[in-house]
Structure formats: C-alpha cells, structure tokens
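Student: Got a structure for you, questions after.
Values quoted throughout were computed directly from the atomic coordinates according to the rules given, and no laboratory measurement underlies them. Please read these numbers as outputs of a predicted model, since none were measured by experiment. Note: ideal-geometry Cβ built from the backbone for every residue, glycine included; neighbour counts use all protein chains shown.
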Amino acid sequence: MIAAHETFDGTFPYVPHFSSAPGFRMHYVDEGTGPVLLCLHGEPTWGYLFRKLVAGLSDTHRVVVPDHMGFGKSETPGDRTYWLQDHVDNLEAFVMDLGLRDITLVMHDFGGPVGMGLLARRPDLVTRIIALNAPTPFGQSDLARILATNASQSPWFRWIARAEADGTLDHVLGPLGYNALSTLKLNGFQDNAVITPAWIRAYEAAFPTREETLGALGWAKGFPLSKHRFEMPSRESRAAATQLPALTVWGTQDRTLRAEHFLPLFRAAFPHGLVSELPAAGHYSPEDAPDATIALVRLFLDATAEVSGLPAAVGAA
C-alpha cells in the first residue's frame, strides 16, 4: 500500500485517516463540513482519482473518500477474498463506523456496484446518487443481458476473458505497478495532458508487488470466474430508489462501459435522474474532464438540496 503521508509532489495533500471496522486498515480522506459526499473509486484507481473533486467541493460539503481493500493507501490482506460482495461488506462497516447519514453517493467504475450494494442494504442512509461512468445495477430485469453484451464489446472485458482462459491474467495484472498507464488507456483514458511523473507514480505506487495487487486481480478475475454477486434490492428499496435525486455524468469515449448500455441501466434504476454526456471524455471522467464534472455535480447538489431534505450549500460559487 502507499505510505500514509505520501502526497505525490503535493497533488494529493489530504490528511490520511484510517478505519479498522472492515477488518483491515482502510484509508480514507475526510475533508470539509456539511452534507456528506461519499466517493467510491474503481479499477485500477484509488482516492487519487477524486483529488480535484475534493478540492472543488469540500468548501460546502464533507467529502469522504475511502480506498477499497487492496487499493491506494488501504491494506491488502492476503487472507481475504476480493469479490464485489466483500467490498460492499467493507463499505457498510466503514459507513457505520463513521456514523455517516444523508449520504450522496459519488461513484466511479466498480464503485458503482459497491455503492448500489450499500443502497440496497441501507436505503435509509442514502439521499442522492451521482454516477460518474459508473454502472448502477439494482435488480433490473435485463441486467445480465446488458452486462454480457457490454463485455462482448469492451476491449477490457474481452482481454480479461481471454487472459483468464489462457492462464496469463495473473502474469499480466500481477505486476500492475509497471503497466498502470496502459491499463488506464485500455479502459478509455483520454487526456494525456494530465500525465506527469507524479501522476504516473500515484497510479503505479499502489501495486509494487503481486501481493499488493490482489484487489485489482480480484475485481478482474471475479467476472470470468462468476464470483461477483450483485446485491439484490428489496421491493421497498427499489421503490425508494426511484424517488431519489440522481445524476450520471458519462464520458462517452468510455471503451469499457459503453454509454449505450449503461445509460439505460441508470434510467431504469432512477427514472427521474439526470443524464449529462461529455463527448470528449472517456472512462475516467474525473481525470479527463474534472472542471466540467465538478460544475455539473455542483449544480446538481445545489438544485436538489431542498428535495433531499438537506441544507443548501453555503458559499457555493
């Protein structure tokens, strides 16, 4: 894991915090005060992905950014499994430990299924949904078909299936610290202008050895091995979710999660939700278009504060 006080040349200047409630040392950022934004990263990133969002929204909100087990500054225990349901268990324990309520979920990539798992289990804790190129599986009748169709078209998922079948997946993803940039590119990262030596170190440093890559391997291997289990919401949870204010911001150059599949999935879960497409951005929209993403999120938070029963932000630009 990355050293607790590593800032990557000041690009990640946030005080480290840790919770042991999930059964390992789980790192998180906790900046600002006000309504809670709980930001959930995906593969193969960590809280660094949200660094500009933290800076842009912590003047009016409490921005909490955990690193999933096996990612970022969190521990990578060798005796745990790294399937979707394990990450949902960890997140639920983390949220209860911090006593978070009235949560706005801000999700990217596999942070989407993890956050939606929390919503299915604890709808009483979630007030709003923001999906940034994040799937929103929530018991939709055509979920399996959508996932299978997308996987057949996605370079990332096609590669995972082939690599697992021929026994090379561990060999390639095991030393992920040496090819993090190529992995980001395969998924649809677009803006080369953000790449600096510190930026590359930030995404490579989480995976110095194969033992530290169990999180990334687990998420990838869970698909071909059918190990991930999507949380099934109750009828009551599903009905409650349809009334939540929801926003998705989608970089349409995403090569891993194609908009034509996942925007309908979002609309099925949140029929009153707002959809904003970013045509020049790819899978990592917080990296490719941080200013536009923050502006859209800010507008949504301000517009839905009263609907959500939360106090309106004070001091917003």
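Student: Give the shape of the range 1-138 as rounded, prolate or oblate, defined through the alpha-carbon gyration tensor: a ≥ b ≥ c are the square roots of its eigenvalues, a/c under 1.5 means rounded, and otherwise the shape is prolate if a/b is larger than b/c and oblate if not.
Tutor: Working: a/c = 1.44, a/b = 1.06, b/c = 1.36.
Rounded, since a/c falls under 1.5.
Student: Restricted to Cα positions, what overall size does the chain have along the principal axes? Three whole-Å values, descending.
Tutor: If we take the Cα atoms of the chain, the spans are 52, 45, 39 Å.
Student: Let's test the formula: R0 of 25 Å, r as the Cβ-Cβ distance of Asp59 and Glu6. What FRET efficiency results, to the nearest 0.05? Please list the in-between numbers first.
Tutor: Values: r = 25 Å, r/R0 = 0.98.
Once rounded, the FRET efficiency stands at 0.55.
Student: Just Asp109, Asp142, Asp291 to compare: in a GNM of the chain, with alpha carbon springs under 10 Å, which one fluctuates most?
Tutor: For the chain, modelled as a Gaussian network with Cα springs under 10 Å, the answer is Asp142.
Student: Here's a follow-up. Between Gln85, Gln253, Gln153, where does the largest GNM mean-square fluctuation fall for the chain, given springs only between Cα atoms within less than 10 Å?
Tutor: Gln153
Student: Work out how much length Ile195 to Ala21 would gain on full extension: take 0.36 nm times their residue separation and subtract the Cα-Cα distance, in nm to one decimal. Walk me through the intermediate numbers first.
Tutor: Numbers: separation 174, 0.36 × 174 = 62.64 nm, distance 3.49 nm.
Gain on stretching Ile195 to Ala21: 59.1 nm.
Student: Please compute the modelled spin-label separation between Thr81 and Asp302, points set 7 Å along Cα→Cβ, answer in nm with one decimal.
Tutor: Simple spin-label model gives 4.7 nm for this pair.
Student: Cα centroids of the range 1-70 and the range 132-171: how far apart, whole angstrom?
Tutor: 27 Å
Student: Quick check on packing: order 8-20, 42-54, 194-206 by the mean number of other C-beta atoms within 10 Å, highest mean leading.
Tutor: Values: 8-20: 15.0, 42-54: 24.6, 194-206: 16.8.
Descending mean neighbour count gives 42-54, 194-206, 8-20.
Student: I would also like to ask the following. Mind checking the full-extension length gain between Arg229 and Glu260? Use 0.36 nm per residue of separation minus the Cα-Cα distance, one decimal, nm.
Tutor: In short, 8.8 nm is gained.
Student: Calculate for the chain the 222 nm mean residue ellipticity that helices alone would give, adding -39,500 (n - 2.57) per DSSP H run of length 4 or more and normalising by residue count, nearest 500 deg cm²/dmol. Intermediate results must be reported in sequence, preceding the final value.
Tutor: Values: 13 runs with 121 residues, N = 317.
Mean residue ellipticity at 222 nm (helix-derived): -11000 deg cm²/dmol.
Student: Also, I was wondering about something else. Give, in nm to one decimal, the length gained when the segment between Asp170 and Glu277 is fully stretched (0.36 nm per residue of separation minus the Cα-Cα distance).
Tutor: Working: separation 107, 0.36 × 107 = 38.52 nm, distance 3.45 nm.
Gain on extension, Asp170 to Glu277, equals 35.1 nm.
Student: Quick one: Karplus J couplings for the range 154-167, per residue in order, coefficients 6.51, -1.76, 1.60, θ = phi - 60°, nearest Hz, x for Gly and Pro?
Tutor: For the range 154-167, the Karplus-derived couplings read 8, x, 5, 5, 5, 5, 4, 4, 5, 5, 5, 5, 9, x Hz, x marking Gly and Pro.
Student: Now, a different point. With springs only between Cα atoms under 10 Å apart, run a GNM on the chain and tell me which of Thr136, Thr127, Thr33 wobbles the most.
Tutor: Greatest mean-square fluctuation among the candidates belongs to Thr33.
Student: Give me the net charge for the shell around Pro123: Cβ to Cβ below 15 angstrom, other residues only, Lys and Arg +1, Asp and Glu -1. It would help to have the intermediate numbers written out before the result.
Tutor: Values: positive: Arg101, Arg121, Arg122, Arg128, Arg235, Arg238; negative: Glu92, Asp102, Asp124, Glu231, Glu236.
Counting the neighbours of Pro123, the net charge comes to +1.
Student: Still on this structure, I have one more. Whole-Hz ³J(HN,Hα) for each residue in the range 234-245, computed from phi via Karplus 6.51 cos²θ - 1.76 cosθ + 1.60 with θ = phi - 60°, x for glycine and proline: what do you get?
Tutor: Each residue's phi maps through the Karplus curve to give 6, 4, 5, 5, 5, 5, 5, 5, 5, 9, 6, x Hz.
Student: Quick one: which residues, 5+ away or cross-chain, put their amide H under 5 Å from the amide H of Ala131? H built at 1.01 Å from N.
Tutor: Residues meeting the amide H criterion: Met107, Leu247, Thr248, Val249.
Student: Using θ = phi - 60° and the Karplus form 6.51 cos²θ - 1.76 cosθ + 1.60, what ³J(HN,Hα) does each residue of the range 28-45 get, whole Hz, x for Gly and Pro?
Tutor: Values per residue, Gly and Pro as x: 8, 9, 9, 10, x, 9, x, x, 7, 10, 9, 9, 10, 7, x, 9, x, 9 Hz.
Student: Shifting gears a bit: Excluding Glu260 itself, calculate the net charge of residues whose Cβ lies under 14 Å from the Cβ of Glu260, where each Lys or Arg counts +1 and each Asp or Glu counts -1. Please list the in-between numbers first.
Tutor: Numbers: positive: Arg145, Arg255, Arg258, Arg267; negative: Asp142, Asp254, Glu277.
Result for the neighbourhood of Glu260: +1.
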